[in-house]
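Novice: I have a structure I would like to understand better, so I am pasting it below and will then ask my questions one at a time.
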């Protein structure tokens, strides 16, 4: 777990992108002072009609804005082997650059569906079993662990795990479906689909300006996400193995939300459960969404304004030894026929990015599991973890250095 | 694509630099290949042959023709075109090659021009790589590494032995 590398390739690349050491500094310097809501990115970035590159130091789809539609497709390798994994990744690496540029992939039977300027990103991840393949046992990123069972979990095997992940996101669902199908087709010789989770997000206001967005409880969701250097320090692997430079880890939790129970809950209770106002997402101690939480403020009766079991408090870095994650959720509604009748469930496909799952996600989740008021309305019904490598140079293929 | 481009530069710049040689570099110096792929032979009716598809981009000012191709895995390689014979599409060798117009593209696609790879010495399994060299009318050549991909469109156009001309 503590295996680290000082090989030149890793050092050079970290140095080049200027975040060597930033992870250690960010957690200490100036960010620990009770700031609940990191400021919005200093340079607002439009949500829609973007063009992202797969060739940056990091993959797109992690800290880029969440567009309207996202589909996560998890695959199980048919013959778990380094050879088949390499071939899959090579084929995808031929598909992803044209897809993100809005061009057909090689051997594309539906080339007219390729669309440019629709904010398409494809993010590739590798599941835990990859790091038990011959030769890869020592390539597991630091802290890349599976999530231990939580008492509020109601996990269903059909939403769990996977060896390889593709996250496809774009401004419209047709393009997402198209890209996901092309990737699924090209993976078919090597992997079968384990699960597919689709969701939507409204990350713009009526004028098209970026906003945090809301989950299906109506809560502004993601206000506390880190930004800027703090985001970098939260997300990107620190002193990674050479193959994992620019990488991060992802926890996918399918969180079912009891909307019927929520609808019956009074608005006052709803706000106390989260510790934020429903109208604009401001902390109950503040006026604006980006205001810091005041965790010591009390009301006239001496009770904390933000209750001790409020989600925003329980997940706050000040109550988690400064641990943070970067969350990226998409809303889902899922209807299936059970005993001949349609049954609809709803929730959040919750994606948590962090440098180190064991040191960041797991302790925070343990604390939420033991005392988050929101647990009465939410349950994880699926769980998976993936190592997300950095981007890949033009003409190269993703995660190639994993196999060297 | 950078790799392809760099290979192209390596191939084409050398004659440019050593320009005393017979090669006459022309607008073809900027030729590029995009999205190459080769259809898998796994499960094919006739696994001794398949086809390569790609796009050649010619940003130059002069027309160029793709006249031939080499592949170490194939005993015979031809540039093929599809022509209409009565109400049927037939495949035949493009004796004059295929035009890459100045400032334009040549698309080698299923149902159109393709590089026919015959007398294959190995299986082309999905995910393998195939190395080809394309030769153009201006004397230039372009190496291409193409992934082998699955393609489910019915395969008669490319694998039916009957219309394949002898050379």
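Novice: Looking only at residues in the stretch B:33-44 that are within 12 Å of another protein chain (Cβ to nearest Cβ) and in contact (Cβ under 8 Å) with a residue 40 or more places away in the chain, which one is farthest from residue B:76 (Cα to Cα)?
Specialist: B:33
Novice: Condition check: free of Cβ contacts under 8 Å to residues at least 12 places away in the same chain, surrounded by fewer than 17 Cβ atoms within 10 Å (Cβ to Cβ) and within 14 Å of chain B (Cβ to nearest Cβ). Does residue A:188 satisfy that?
Specialist: yes
Novice: Need the failing condition index for residue B:135 against (1) within 13 Å of chain A (Cβ to nearest Cβ); (2) out of contact with any helix residue (DSSP H, G or I) (no Cβ under 7 Å at 6 or more places or on another chain); (3) at pLDDT 95 or above, just the number.
Specialist: Against the list (1) within 13 Å of chain A (Cβ to nearest Cβ); (2) out of contact with any helix residue (DSSP H, G or I) (no Cβ under 7 Å at 6 or more places or on another chain); (3) at pLDDT 95 or above, residue B:135 comes up short only on (1).
Novice: Still on this structure, I have one more. Search the stretch A:191-202 for residues being buried (at least 21 other Cβ atoms within 10 Å of the Cβ) and within 20 Å of residue A:219 (Cα to Cα), and hand back the single one that is nearest to the other protein chains (Cβ to nearest Cβ).
Specialist: By that ranking, first place goes to A:199.
Novice: Quick test for you: out of A:396, A:301, pick the one residue that is assigned to a loop (DSSP other than H, G, I, E, B) and farther than 22 Å from residue A:125 by Cβ.
Specialist: Testing whether each residue is assigned to a loop (DSSP other than H, G, I, E, B) and farther than 22 Å from residue A:125 by Cβ leaves just A:301.
Novice: What's the total number of residues in the stretch A:68-93 that are crowded, with 22+ Cβ neighbours inside 10 Å, touching a helix residue (DSSP H, G or I) at 6+ places or on another chain (Cβ under 9 Å) and at the interface with chain B (Cβ under 8 Å from one of its Cβ atoms)?
Specialist: Residues that pass the stated criteria total 2.
Novice: Out of B:110, B:25, B:47, which single residue is at pLDDT 85 or above, away from every other protein chain (no Cβ under 14 Å) and outside any strand (DSSP E or B)?
Specialist: Step by step, each of B:110, B:25, B:47 is checked, and only B:47 is at pLDDT 85 or above, away from every other protein chain (no Cβ under 14 Å) and outside any strand (DSSP E or B).
Novice: On to the next question. Based on what the data block shows, is residue A:108 within 14 Å of another protein chain (Cβ to nearest Cβ), more than 21 Å from residue A:58 (Cβ to Cβ), over 17 Å from the mean Cα position of the chain (by Cα) and surrounded by 22 or more Cβ atoms within 10 Å (Cβ to Cβ)?
Specialist: In short, yes.
Novice: Could you check, for the stretch A:51-67, whether at least one of its residues is touching a helix residue (DSSP H, G or I) at 6+ places or on another chain (Cβ under 6 Å), surrounded by 15 or more Cβ atoms within 10 Å (Cβ to Cβ) and not in a loop (DSSP other than H, G, I, E, B)?
Specialist: No: the stretch A:51-67 contains no residue that is touching a helix residue (DSSP H, G or I) at 6+ places or on another chain (Cβ under 6 Å), surrounded by 15 or more Cβ atoms within 10 Å (Cβ to Cβ) and not in a loop (DSSP other than H, G, I, E, B).
The values are calculated or read from the model by the stated rules, or taken from the named source; none is laboratory data. Keep in mind that what you see is a predicted model, and the values were worked out from it rather than measured. Glycine also receives a Cβ, built like all others from the backbone with ideal geometry; neighbour counts cover every protein chain displayed.
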